Every structure is written in structure tokens, then in C-alpha cells.
């Protein structure tokens, strides 16, 4: 019985990680913050200005491009800890690990200190050329 439960848990973990990898690929644009209970309106506006142009392109080939506060960063990405943490290894040697608070086909929420930073997935339009 324990073996059966272990196999079911392993299958669920593998499926969840594969689903997260499928959902995370794409172009993501900063949308806002979650859980900013102790931030006043002025500070929130300042944060939104700083992060307003933030975006990340996560490619199926394991590469990413991020634009953060006017700076471009490129490197390799991976999901670790059973698909619950996004690891970014920039080409300049910097490594970031960020907990994924939630992820679906249209929204990604990453942990920022004790709050969440929300990204929306951009839908690519087919050109009529």
C-alpha cells in the first residue's frame, strides 16, 4: 500500500512539474503586486514605476531574456524543487532563485520578499503578411 501511495505521489509531482514547464514558457509582462498591505499609496506608485516596464521572455529552449528597470539580462532558466522555484542563471554569472506562488496559462506570481509580483502572459498576435 505504501508503495502504491508513493508511486501516485511521484506521478503527481512529475505531472505538476511538466505542467509548470508548459505554462511558464512565453512572454510575461509586469501587472502588479499582491499582498502589499503595509505600503502606502505613494510608495506603491513608486514601486509600480520601477517595475512597470519589467518583462521576461521564457523560451522553450531553456533560455530567457529579462528587462528589469531598464537593464537587459539573458541566460538560462530551469524549474527546480519539483517545479515550485524558478531558477535564472544569467550569462554574467548571477543566479536567482524565486519561489513560484502561482502559475497558470495567463498569470505568473513570483515571490518578492514576503509579497508577490504578478505577471500576465502576453498573447502573440499572428501577422497577416
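Tally the residues that are part of a strand (DSSP E or B) and exposed (fewer than 14 other Cβ atoms within 10 Å of the Cβ), restricting the search to region 97-107. Quick ask: steps written out before the conclusion?
Looking only at region 97-107, we keep the residues that are part of a strand (DSSP E or B), and these are 97-103, 107.
Filter again for exposed (fewer than 14 other Cβ atoms within 10 Å of the Cβ), leaving 97-99, 102.
Qualifying residue count, region 97-107: 4.
Of the residues 47, 86, 110, which is surrounded by 15 or more Cβ atoms within 10 Å (Cβ to Cβ), touching a residue at least 12 places away in the same chain (Cβ under 8 Å) and not in a strand (DSSP E or B)? Spell out how you get there, then give the answer.
Details: 86 fails: not in a strand (DSSP E or B); 110 fails: not in a strand (DSSP E or B).
47 is the lone residue from the list that is surrounded by 15 or more Cβ atoms within 10 Å (Cβ to Cβ), touching a residue at least 12 places away in the same chain (Cβ under 8 Å) and not in a strand (DSSP E or B).
May I ask you to list the residues in region 50-60 that are within 13 Å of residue 28 (Cα to Cα), within 15 Å of the chain's Cα centre (by Cα) and part of a loop (DSSP other than H, G, I, E, B)?
54, 59
Are any of the residues in region 61-72 assigned to a strand (DSSP E or B), loosely packed, with under 13 Cβ neighbours inside 10 Å and out of contact with any helix residue (DSSP H, G or I) (no Cβ under 7 Å at 6 or more places or on another chain)?
Pass one, region 61-72, residues assigned to a strand (DSSP E or B): 63-68, 71-72.
Retained after the next criterion (residues that are loosely packed, with under 13 Cβ neighbours inside 10 Å): 71-72.
Filter once more, so that each one left must be out of contact with any helix residue (DSSP H, G or I) (no Cβ under 7 Å at 6 or more places or on another chain): 71-72.
The answer is yes, given that some residue of region 61-72 is assigned to a strand (DSSP E or B), loosely packed, with under 13 Cβ neighbours inside 10 Å and out of contact with any helix residue (DSSP H, G or I) (no Cβ under 7 Å at 6 or more places or on another chain).
Laboratory data are not the source of any read-out in this text; all were calculated from the coordinates shown. Here the structure is a predicted model, which is why all the values come from computation and not from measurement. Using ideal geometry, Cβ is built from the backbone for each residue, glycine included, and neighbour counts are taken over all protein chains shown.
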